[in-house]
Amino acid sequence: MSFQDKSLQCSDCGATFTFSAEEQELFQSRGYTNEPKRCSPCRQAKKSERYGSSGYGASRQMFPAICAECGRDTEVPFEPRGDRPVYCSECYRKVRPG
């Protein structure tokens, strides 16, 4: 089947965007039957809204800690509970198994 670029109107912002022939082929190969309703920026905004801003490229919340090996102040991407040792990244590489 031969596809041609189509101009569509975004349901969120009203802007006109192109639904390219390549995108149409991709949609068909994945079994999608509906055309996209949103332009690319609005799709990205909707994804961020739905999944929060914890997607790729988003910064993680970091928690202060003191390394159990070297005693330096560090930050880790989880809240230390106190019942297990916490290491800075350098010491963690030294003590981790494997």
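Computed from the coordinates by the stated procedures, all read-outs in this text should not be read as laboratory data. None of these values were measured; they are calculated from a predicted model. Note: ideal-geometry Cβ built from the backbone for every residue, glycine included; neighbour counts use all protein chains shown.
Listed values (1) -0.51, -0.79, -0.88; (2) -0.28, -0.68, -0.85; (3) -0.56, -0.76, -0.88 include one computed from this model; for log10 I(q)/I(0) by the Debye sum over Cα atoms at q = 0.10, 0.16, 0.18 Å⁻¹ that value carries the label (3). Between amide H atoms placed 1.01 Å from N, distances below 5 Å from residue 38 occur with 11, all of them 5 or more places distant or on a separate chain. Between the amide H of residue 86 and those of 68, distances stay under 5 Å, these residues lying 5 or more places away or on another chain, with hydrogens modeled in the peptide plane.
Could you tell me the number of lysine pairs in the chain with C-alpha atoms less than 30 Å from each other, where the two lysines are 8 or more residues apart or belong to different chains? All intermediate terms of the calculation are to be shown ahead of the outcome.
Values: 6/37; 6/46; 6/47; 37/46; 37/47.
Close lysine pairs found across the chain: 5.
Each Lys and Arg contributes +1 and each Asp and Glu -1, all at the Cβ; summed about the Cα centre of the chain, the dipole is approximately 240 debye.
Sequentially through the stretch 3-14, phi angles give Karplus couplings (6.51, -1.76, 1.60; θ = phi - 60°) of 9, 10, 4, 10, 9, 10, 10, 5, 6, 8, 9, x Hz, Gly and Pro residues having no value and appearing as x.
Distant-in-sequence amide contacts of residue 76, defined by a placed amide H-H separation under 5 Å and a gap of 5 or more residues or a different chain, comprise 63, 65.
Can you give the local net charge around residue 85? Use residues other than it whose beta-carbon is closer than 12 angstrom to its beta-carbon, Lys and Arg +1, Asp and Glu -1. Numbers along the way, then the final one.
Values: positive: 81, 84, 96; negative: 69, 83.
So the environment of residue 85 carries a net charge of +1.
Largest mean-square fluctuation among 48, 20, 29, in a Gaussian network model of the chain whose springs join Cα atoms under 10 Å apart, belongs to 29.
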